[in-house]
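Beneath this line is the structure, given in structure tokens, with notes to follow.
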Amino acid sequence: MAEERTFEQKPRAMKPMRGRSMPVPKGMIKKGTLGRLLKTAFKYYKWQLIVVLVCILISSSGSLISSIFMTTLIDNIIPKGVAFGFGQVWGELLGLILTMAGMYGLVVVATFFYNRLMATVTQGLLYRLRTEMFAKIQTLPIKYFDTHAHGEIMSTYTNDTDATRQLIGQSIPHVLSNVLTLLISIGVMLTFSFWLSLVVAVSTTVMLFVVKKIGGKSAKYMVAQQISLAKEEGFVEEMMKGQKVVKVFTHEEKAKEGFDVYNQQLFKDSEKAHVFGNVLGPIIGNIGNFNYVILTIIGGLFLTMGWTNYGFMNVFSGGGPLEIGIIVSFLGMSRNFAMIINQTSQQISMIAMGLAGASRVFTLMDETPETDDGYVTLVNATEDEEGNLTETEERTGIWAWKHYHKADDTTTYTRLRGEIVMDMVDFGYVPEKQVLTDVTLYAKPGQKIAFVGATGAGKTTITNLINRFYDIADGKIRYDGINVNKIKKADLRRSLGIVLQETNLFTGTVMDNIRYGRLDATDEECIEAARLANADDFIRRLPNGYDTMLTGNGANLSQGQRQLLAIARAAVANPPAMILDEATSSIDTRTEALVTDGMDKLMKGRTVFVIAHRLSTVRNSNAIMVLEKGKIIERGTHEQLLEKKGTYYQLYTGAFELE
């Protein structure tokens, strides 16, 4: 017999987007992200955050201790020491030093406590966010994973949560501490001198203008960097997953070129972000230096010219002279002022990146979950001699659909048989492009229905609709006479076994992976399922038999062995209806004969939908549906379709033209 032809399309080579820029999406940072993040933090760590705020307030006042100390020392203690002898002021000086040491000690303790508490708050909050994100992922429909690169989703768990950690644990406390310090400094400055405060206000206005212009650009490109990083990781994940395909088609150079496009965009965004971020500090520092010089000059003029100084401490008494201690303190506070603004400006880009990360996290958490308005459930049942069904908690091997009728407040039980009917079904993954048109088919209990046709004809789409991975646009799908929209999705899928062309194995033992089909299955049931799928022989030859650990999606097994385990997994589930999507595509001819025999036993008494390109696997089907462009163009048994000499005849005779 000649080798059978398959009707697979050849993969199209990836064309790297060289020379095309990736625009930064507008509205990357969702409105209200910061407020929502803080609200979430206060929800779980209210008292810890209140203590942190108090500690930050105490810590912020520490930067002013030296200024107040210098003013008191220069204007009070030193003049008294010069006039009356330093022995007379020793006690006052010692008291001032001890007071200052105590205040600094309090600042150190407060700083330690708020950093310690913030570590707990930050890691605890991230733990909860990651837990909620993973729980959310489990509720999302298949459509979400079909339309989002897996690498980008993973980037939300890694890069975006890390940026959120930076925002919560460092940027927000740092900015809050700086803002409180600035407010306290402004209050002290106004207490000492209105005129010198005015000079500081002018220089601060210039600084804020520079921060807005340059810092805003830095923040913009930091957000772009986060987006580019996610896209690059998505590409890397895709290339890593398809490394064998890349190798076999000698696609290495094209893969490098494709990566270079993403990497180049990431480089450009990162370069611009850090260029603007790095020049901001020196500019703010030099403005602060100019401010320092101007304050020195104006302070000197006040001293030499004898001008009257006004501040809150003397404005109601008619003003007074500007003392040297005030000038010295002002110079120290102005330098500290510029340093704080500089530090705060450096945080702008980090805040923007953190908010972008938090926004992506919340975007994932706000995704619309898979809706389920079904109310018909699947229950264990017992059946008496007259065929009446009674619900039971024990596993009996008899399943029934529990259907509550609201109209007359009654509950009926329908035995699960596996009868599936599709009546004039229309469907499209997107509204503007219809994939299936007027699909009608009937599958009675125990029948084997096969779908054949070229890739893209809609075969897998039909099975996706039976599982309700997607909902139809028009028509009806009935399961044992019940509209599938009325059946809870979890119960619907529990009644269906599925073996996909692409096998997924999880980290764990071989036994664990077989038991994934039914978690309460015993070891004996799992072994029996493996025997049924003819997988028992190769499993026992593994180093540890059924206890052999599988990792990396079963990388230590062949593709055929992995598919045998998938069939065994479906067998242990023991469902009344099964979907086999190219279930034997990766199995050699000899193994296929063994598996076909096992599958025939497995399919006995069950409704089975088979998708196959190898037409030899569908010859014994009760009905074969030939699809073309989303429509069933032929239907019948193998012999009936050959007699028609239509599309199926052409496919079949073409596949076996050398017989």
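Nothing in this text is a laboratory measurement; each read-out follows from the coordinates by a stated rule. Only a predicted model underlies this, so the values are computations on that prediction, with no experimental measurement involved. Neighbour counts run over all protein chains shown; Cβ positions are idealised from the backbone, glycine included.
With the simple model of a label 7 Å out from the Cα in the direction of the Cβ, Ala135 to Val179 spans 3.1 nm.
Taking amide H as placed 1.01 Å from N in the peptide plane, Glu370 has its amide H under 5 Å from the amide H of Leu140, each at least 5 places away in sequence or on another chain. Restricting the range 276-365 to chymotrypsin sites (Phe, Trp or Tyr not before Pro) that sit in a DSSP loop and have at most 10 other Cβ atoms within 10 Å of their own Cβ leaves nothing.
Measuring nothing but how far apart in sequence close Cα pairs (under 8 Å, 6+ apart) lie, relative to its length, the chain scores a relative contact order of 15 percent.
The alpha-carbon of Lys43 sits under 15 angstrom from the alpha-carbons of these aspartates and glutamates, leaving out residues fewer than 8 places away in its chain: Glu132.
Going down the list Lys476/Lys631; Lys217/Lys268; Lys433/Lys459, which pairs span over 19 Å between their C-alpha atoms? Distance filter (> 19 Å) returns an empty set. Cross-link pairs exceeding 29 Å between alpha carbons, from the set Lys231/Lys488; Lys488/Lys604; Lys244/Lys489: Lys231/Lys488; Lys244/Lys489. Roughly how many whole Å is it from the C-alpha centroid of the range 417-453 to that of the range 174-252? The range 417-453 and the range 174-252 have Cα centres separated by 53 Å.
If each residue of separation counts as 0.36 nm, what is the full-extension length gain between Gln559 and Phe209 once their alpha-carbon separation is subtracted? Walk me through the intermediate numbers first.
Working: separation 350, 0.36 × 350 = 126.00 nm, distance 6.25 nm.
Separation in residues times 0.36 nm, less the Cα-Cα distance, equals 119.8 nm.
Counting only whole DSSP H helices of the chain, the ones at least 27 Å long by C-alpha along their axis and with mean Kyte-Doolittle hydropathy no lower than 1.0 are 172-192, 324-365. Beta bridges per DSSP, both residues in the range 420-655: antiparallel share near 55 percent.
Once Rh is set to the Kirkwood radius over Cα pairs, what Stokes-Einstein translational diffusion coefficient, in µm²/s, holds for the range 381-508 at a temperature of 4 °C and a viscosity of 1.567 mPa s? Estimated diffusion coefficient is 77 µm²/s. Taking amide H as placed 1.01 Å from N in the peptide plane, the amide H of Ile624 sits under 5 Å from that of Ala450, Gly636, Thr637, each at least 5 places away or on another chain. Of all aspartates and glutamates in the structure, those lying under 20 Å Cα to Cα from Lys254, and not within fewer than 8 positions of it along the same chain, are Glu232, Glu233, Glu237, Glu238. For Thr509, nonlocal amide neighbours, meaning residues 5 or more places apart or on other chains whose placed amide H falls under 5 Å from its own, are Leu550.
Is the chain best put as rounded, prolate or oblate by its Cα gyration tensor, with a ≥ b ≥ c the root eigenvalues, rounded for a/c under 1.5, and otherwise prolate when a/b is larger than b/c, oblate when not? It is prolate, given that a/c is not under 1.5 and a/b is the larger ratio.
Counting DSSP beta bridges in the chain, what percent are antiparallel, to the nearest 5? Don't jump to the answer; show the numbers that get you there.
Values: 36 of 54 bridges.
DSSP beta bridges in the chain are roughly 65 percent antiparallel.
How many nm separate the modelled label positions at Arg540 and Glu502, each set 7 Å beyond the Cα in the direction of the Cβ? Between Arg540 and Glu502, the simple spin-label model gives 3.5 nm. Full extension of the chain between Glu252 and Asn467 gives 73.6 nm of extra length, using 0.36 nm per residue less the Cα-Cα distance.
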